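Remarks on the structure that follows.
The values are calculated or read from the model by the stated rules, or taken from the named source; none is laboratory data. Everything quoted here is computed from the prediction, not taken from an experiment. Every residue, glycine as well, gets a Cβ built from its backbone with ideal geometry; the counts of neighbours run over all protein chains shown.
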Amino acid sequence: MQIGGPCPKCGISQVDHAGMTCAEAKKAEDARWRAAWKPMQDAMREALKNAPGREAATATKSTGGGAAALPPVKHKASHIGAPAVFALELALQHLRSAFGHYGCYVVGSSLDRADWRDVDVRYIMEDAEFAKLFPDAGDNWEFDPRWLILTVAISGWLSQQSGLPVDFQFQPQTHANKRHPFKRNAAGIRIKRTTVSSAGSQVK
């Protein structure tokens with residue numbers, strides 16, 4: 001192999017190949033290409049998202065020279081599929097009825113991408129209510145026996161009810177807002193309907 005020339009096996013230059021096997025060199029080259037393309041991809045996505053007058057811009061295709069509209073960009077609220085997402089919602093309704101004081105939120109990667117590893121559910125409580133439920137936890141509740149038992153048991157129950165790998169945790173409000181100020185989807189919500197009786201009074 002000539003100095004600076006391509007590897008006869010994988011075709012990667014000797015400079016980029018130095019000290020690596022062909023498989024390692026190819027993996028490193030792929031990573032460099034992805035890193036080089038990412039800014040351009042991000043810029044294209046931003047341009048499509050901010051196109052005036054519609055969610056997606058129009059682009060000219062090489063088919064007859066005409067302008068063809070790209071399909072609208074779809075923003076999914078969650079990447080958890082049905083019917084599992086409905087089973088999870090039903091289970092969280094029961095959980096919220098049992099504990100009250102604020103409620104459940106789905107957070108984490110399942111809201112942003114399809115290749116999520118597990119479904120993160122957080123039960124956020126007022127600080128005072130959290131302290132009542134876990135009086136000995138202090139600031140290190142992840143070592144508190146009651147917190148651990150409830151967290152593990154409810155994670156298992158939610159996983160069983162929904163068929164999803166659920167990571168459930170109780171969190172106090174101040175901690176949740178300060179340490180995790182990211183996207184949340186409220187879950188376990190019950191809708192109360194008010195009807196009017198024949199006498200004119202409201203009946204819930």
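Assorted remarks:
- Scanning region 110-125 for residues that are touching a His at 6+ places or on another chain (Cβ under 9 Å) and surrounded by fewer than 18 Cβ atoms within 10 Å (Cβ to Cβ) turns up D112, R113, A114, D115, W116.
- If the condition is being closer than 30 Å to G81 by Cβ and touching a helix residue (DSSP H, G or I) at 6+ places or on another chain (Cβ under 9 Å), then region 112-141 contributes D115, W116, R117, D118, V119, D120, V121, R122, Y123, I124, M125.
- In region 126-164, the residues that are outside any helix (DSSP H, G or I) and surrounded by 13 or more Cβ atoms within 10 Å (Cβ to Cβ): E126, F134, A137, D144, L164
- Failed condition for A186, given (1) assigned to a loop (DSSP other than H, G, I, E, B); (2) within 24 Å of I80 (Cβ to Cβ): (1)
- G100 vs. criteria surrounded by fewer than 12 Cβ atoms within 10 Å (Cβ to Cβ) and at positive phi: yes
- S110 being outside any loop (DSSP other than H, G, I, E, B), at pLDDT 85 or above and over 18 Å from the mean Cα position of the chain (by Cα): no
- Inter-residue pairs, beta-carbon under 6 Å, first more than 17 Å from F134 (Cα to Cα) and in region 96-121, second among the aromatic types (F, W, Y), 6+ apart: C104/Y123; S109/W116; S110/W116; V121/F168
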